[in-house]
Structures are given as C-alpha cells and as structure tokens.
Amino acid sequence: MEPPKSNLAVRLLTAAIAVPAILTLLYLGPPWGFYLLVLPATLIGCAELFAMTHGGDRAAQGAGVAISAVTSLALYAGGADPRVLMTVIVGVPALGPLVTLVRLGDLSTAAMRAFAIGFGPLFVAAPLTLLAMLRRDFGESGPGLVVLALMFSWWGDTGGYFGGRFFGKRKLYEAVSPKKTVEGAIGGLAGSVAGALTASLWYLPSVPLSHSVPLAIVAGALGQAGDLGESLVKRSVGVKDSGAIVPGHGGVLDRVDALLMTSVVVYLYAVWARV
C-alpha cells in the first residue's frame, strides 16, 4: 500500500508548485504570456503521442510535432478567420498520408501512423490552444473560463481517484483501463460538478448554475472518455505512461487527456453562449 501513498504525495507536491504558477500567469500576466506556457506543453504532449505511434522514426515524429506547432500557431493567430480555420481543418488531416508515404516503414501499421499524423495535431494541439484563446478572447471572463475547464478535468480526476480507491468495485472498461471503476466514474462526475458550483458561486458568476452544472456533467463525461481514449492508445502500443516529465503524473499527455475534451466543451459553450 505504500507506493500509492507515495505517488499521491508526489502528485500533491507537483500540484502545489504548478497551480499557483499557472494561476498567477493566467490572472496577472498578459494573454500571450499564458500562450507561451501552453505552447511548449502542447508540443511536448504531441511529441509523446508521436513517440508512441511512430516508435523509432524520429523524422516522422519531428514532422508530426512541426505540423502540430503550425496548427497551434495558426489557430491562435488567425482562428477567428474562417479561412484559416478551414485551412487547418482540411489541410492538416491531408498531411497524414503524405508524411506516411515519405516514411512508409512497416506497411501493416501505415494506416495507423497516417491517421495519427493527420489527426494528432487536431486531437492534442487544437484543444490546448483553445485554452489560450479563452484567456485572450473573452475579456474579464477569460481567465475564469480557463480555470473552469481545468477544474472539470482535474477535480474530475481527483473525484475519480478517491471514488475508485474507496468505493470502486465494478469495472468501467476493463479491456482499455483495468483499474477504472463505475464508482470512480461517478466520483469523477461529482468532482466536475463541484468545480461547476465553485465557479458559479465564486469566481465566474457570469456562468449561472443552470448552465455550469449541466456543462460539468457533459464535460466531465467527455473528459473521462478522453482519459479512456488515451489509455486505448497506450495499451495498443504497449506503454504504461506517455512520458515521465511530470512528477507523479507520467507524461504531459497523461495529465491533459481529460483536458483535451473539457477545453473544447468550455470553449464551444463560451462561443455559443457569448459569455
């Protein structure tokens, strides 16, 4: 039982250092300063993804990271222009087969690698870039909306951890993630809802409870799906963690798997609700 306690202590220490730094930059720094924090994390997460899907092929991995960087920069600089957005949506997937034709390798995995290069930047780089766009484009509500997306993900993860640890009995999706339980999933939704209550009653009154709670349920459920999706990728290539850069958490991709979904949900809500 000692290793889980030790791991939890490392997780808490990591959070104690990282969270104040993120909040300080988010609320007190310029919008571009927050993007300078998001961009390196985005590219590391993409590098971890392509290291899993393109093991041993450094050239293809580098091409995937470069495409992801261009995707992020294009969205941040010109995402409000429909022409830029359409170019990213249509152009990036088309690059997957082209890169794979140049770096053919094992034909039996070529389709997987083609789709990884074509879809990976949209799966990882685009959602994380939306966090920086939330901070920049939504005025006084911007920092709070970013925190809301983070809380849906991180509080959901925390609720899932304790729900599964103390009450977990029934497996949620054993073939993909053997340790996850139905009780943990319910705890995760409870954590996301707690984040919604905190936001509406404290730092983000522009989002009423009638909006934030349903939003938490949708974002929390999709966040857990994002977690399972990343687990699916890892199990399919035979790795436990996407990386080891974040103490107590594995890789960057391990830490943001749910955030990839919650950031999209919060961004779309902010656009359509005109927060």
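For the stretch 2-273, what's the relative contact order in percent, using C-alpha pairs closer than 8 Å and at least 6 residues apart?
On the way: 389 pairs, mean separation 53.9, N = 272.
For the stretch 2-273, the relative contact order is 20 percent.
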Quiz item: Roughly speaking, what is the centre-to-centre gap between the stretch 156-193 and the stretch 30-44 when only Cα atoms are used, to the nearest Å?
Solution: 30
Practice problem: Would you mind getting me the FRET efficiency between Phe115 and Ala77? Use the beta-carbon distance for r and R0 = 41 Å, nearest 0.05. | Solution: 0.95
Exercise. Treat the count of other C-beta atoms within 10 Å as a stand-in for reagent exposure and order Phe34, Phe152, Phe123 from fewest to most.
Key: Phe123, Phe34, Phe152
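For the chain, how big is Rg over Rh, using alpha carbon atoms and the Kirkwood form of Rh? Before the final figure, lay out the partial values.
Working: Rg = 18.6 Å, Rh = 19.2 Å.
We get a ratio of 0.97 for the chain.
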Practice problem: Kindly put Thr198, Thr158, Thr129 in sequence by how many other C-beta atoms sit within 10 Å of each C-beta, fewest to most. | Solution: Thr198, Thr158, Thr129
Quiz prompt | Rounded, prolate or oblate (a/c below 1.5 giving rounded, otherwise prolate when a/b exceeds b/c) for the stretch 1-106 by Cα gyration tensor | solution = oblate
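Would you mind ranking Ile44, Ile117 by Cβ crowding within 10 Å, fewest neighbours first? Working shown, then result.
Details: Ile44 20, Ile117 28.
Ascending Cβ contact count within 10 Å gives the list Ile44, Ile117.
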Quiz prompt | Residues in the stretch 164-206 reached by a label modelled at Val213 [backbone nitrogen below 12 Å; 7 Å Cα→Cβ] | solution = 193-194, 196-198
Quiz item: What do you get when you divide the Cα radius of gyration of the stretch 178-243 by 2.2 N^0.38 Å, with N the number of residues?
Solution: 1.38
Quiz item: Bin by bin, in steps of 5 Å, what percent of the Cα pairs in the stretch 67-207 do you find, going until the bin that has the longest distance?
Solution: 2, 10, 13, 12, 12, 13, 15, 13, 7, 3, 1
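Using 0.36 nm per residue of separation minus the Cα-Cα distance, give me the extension gain between Ala9 and Ala21 in nm, one decimal.
On the way: separation 12, 0.36 × 12 = 4.32 nm, distance 1.90 nm.
Full-extension gain reported as 2.4 nm.
Bear in mind these aren't lab numbers, they're just calculated from the coordinates by the rules spelled out. Here the structure is a predicted model, which means the values were calculated and not measured. Here the Cβ is made from the backbone with ideal geometry for all residues, glycine too, and neighbour counts use every protein chain on show.
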